[in-house]
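What follows is one structure encoded as structure tokens, with my remarks underneath.
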Amino acid sequence: LTILGLESSCDDTAAAVVRQRAGARPEILSSVVEGQTALHAAFGGVVPEIAARAHAEKLDLCVEQAMAEAAIGFDDLDAIAVTAGPGLIGGVLAGVMCAKGLAAATGLPLVGVNHLAGHALTPRLTDDLAFPYLMLLVSGGHAQFLLVRGADDFRRLGGTIDDAPGEAFDKTAKLLGLPQPGGPAVETEAAKGCATRFAFPRPLLDRPGCDMSFSGLKTALLRARDALVAEKGGLTRADRADLCAGFQAAVRDVLAEKSRRALAAYSETDPAQPAFAVAGGVAANAALRAALKDVAAEAAAQFVAPPLALCTDNAAMIAWAGLEMVRAGHRDDLTLTARPRWPLDRTSPALIGAGK
Ligand code: ATP
Ligand code: FE
């Protein structure tokens with residue numbers, strides 16, 4: 001199967017072609033990502049209207065480039081997969097309209113993909129990972145533990161009760177005057193800092209289960225910053241690095257400990273061959289990846305963390321999720337609609353912490 005994927009749910013316009021031949025590993029034939037960071041830089045965050053316009057402008061070009069780099073024609077495709085939610089509605093609509101246009105023009109089947117399913121299935125694109133597996137999905141708008149039992153079968157075991165960790169990284173960067181997206185900037189600073197100078201809280205570790213909280217951490221960081229500013233009128237480079245290091249260590253510790261618990265609970269129900277995978281933009285964080293790898297090793301579980309470029313938003317993950325869905329017999333038609341909210345787990349009434 002060969003699938004073209006489109007992604008436009010936040011601030012990256014992306015198109016990619018993924019192919020899997022019978023009995024072979026999947027291949028990413030092309031993956032084009034056109035970021036919008038520069039467009040939003042002056043506003044300190046993603047502006048939905050600007051994002052939607054930029055997606056509408058860039059989608060065609062991204063598709064053209066992805067097809068050219070894959071060196072295939074539309075005749076070689078089996079379906080067109082597109083992010084149909086959740087996300088910023090204008091951007092999602094632009095992607096869905098583009099995909100519908102392509103499907104109508106080529107007669108190819110259309111598959112609407114949940115952006116979160118794209119993140120959650122990525123470890124199967126990059127590694128030999130069988131269903132079921134435990135997934136920690138940590139991104140700009142989400143943080144949740146999922147039991148992934150099939151391409152369209154996700155059970156939510158717990159998650160954030162307030163902010164997503166990516167959001168916390170972005171706010172931390174903003175508070176410290178670092179560029180957006182905050183994750184990579186905070187990680188770079190943290191590498192130069194001392195993680196123990198500031199005693200940041202590890203929220204909800206005293207409570208059983210794998211629910212998490214990150215908003216208190218943000219408040220603690222704000223207080224620490226303001227105390228420094230009040231004391232000496234500003235932040236030194238070392239202050240900034242130490243604040244980042246302390247913040248990152250707190251996020252890492254919470255995610256690692258909650259993962260340990262989720263993995264223990266999961267291993268009990270399915271002791272055969274536990275597998276633990278991580279995905280989403282925050283999974284690009286090296287300190288976090290290292291900690292989670294240790295957690296998996298302790299539990300003798302297989303551990304999969306996709307390469308960084310496949311953790312943050314991209315269209316290869318959408319093409320891949322589409323491929324898995326087509327293989328499972330799923331397809332949509334031209335009545336496909338964009339959904340700003342779309343919980344992965346159909347048994348959960350609403351995803352708490354779905355920030356957008
Ligand atoms: P969602 O997938 O929940 O809809 P999104 O698509 O905006 O949200 P992603 O692209 O998956 O989110 O992830 C982006 C987030 O990941 C941003 O908040 C960014 O700061 C964070 N991030 C990226 N790289 C790193 C890193 N190295 N360390 C920590 N966070 C990171
Ligand atoms: Fe994402």
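Of the helices (runs of 4 or more DSSP H) lying entirely inside region 25-141, those containing at least 2 residues that are crowded, with 20+ Cβ neighbours inside 10 Å, at pLDDT 95 or above and within 16 Å of ligand 1 (Cβ to nearest atom) span 89-106, 115-126.
For region 26-35, what are the residues that are of a type in the set (D, E, K, R) and closer than 14 Å to LEU310 by Cβ? Before you say what the answer is, go through the steps one by one.
At the first step, the residues of region 26-35 found to be of a type in the set (D, E, K, R) are 27, 34.
Correct list: GLU27 only.
Scanning region 162-175 for residues that are crowded, with 21+ Cβ neighbours inside 10 Å, aliphatic (A, V, I, L, M) and touching a residue at least 24 places away in the same chain (Cβ under 8 Å) turns up ALA164, ALA168. When region 20-38 is filtered for residues that are within 29 Å of THR172 (Cα to Cα) and free of Cβ contacts under 8 Å to residues at least 24 places away in the same chain, only ALA38 remains.
Picking from residues in region 1-21 that are at pLDDT below 95 and more than 10 Å from ASN314 (Cα to Cα), the one that is nearest to ligand 1 (Cβ to nearest atom) is CYS10.
Going through PHE247, PHE276 one at a time, which residue ends up being buried (at least 17 other Cβ atoms within 10 Å of the Cβ) and in a helix (DSSP H, G or I)?
On the way: PHE276 fails: in a helix (DSSP H, G or I).
Every option except PHE247 fails the conditions.
Picking from ALA265, ALA256, ALA227, which residue would you name as being in a helix (DSSP H, G or I), aliphatic (A, V, I, L, M), at pLDDT 95 or above and surrounded by 14 or more Cβ atoms within 10 Å (Cβ to Cβ)?
On the way: ALA265 fails: at pLDDT 95 or above; ALA227 fails: surrounded by 14 or more Cβ atoms within 10 Å (Cβ to Cβ).
The conditions single out ALA256.
Pairing residues of region 289-300 that are within 14 Å of LYS258 (Cα to Cα) with residues that are polar (S, T, N, Q) and at pLDDT 95 or above, at Cβ distances under 7 Å and at least 6 apart in sequence or on separate chains, gives LEU292/SER259; VAL295/SER259.
Within region 95-123, residues that are away from ligand 2 (no atom under 11 Å from the Cβ) have Cβ atoms under 7 Å from residues that are among the hydroxyl-bearing types (Ser, Thr, Tyr) in these pairs: GLY95/SER8; GLY95/THR83; VAL113/THR83, counting only partners at least 6 apart in sequence or on another chain.
For region 163-211, residues that are more than 10 Å from ligand 1 (Cβ to nearest atom) and within 17 Å of the chain's Cα centre (by Cα) total 1.
The values are calculated or read from the model by the stated rules, or taken from the named source; none is laboratory data. Since we're looking at a predicted model, the values are computed, not measured. Note: ideal-geometry Cβ built from the backbone for every residue, glycine included; neighbour counts use all protein chains shown.
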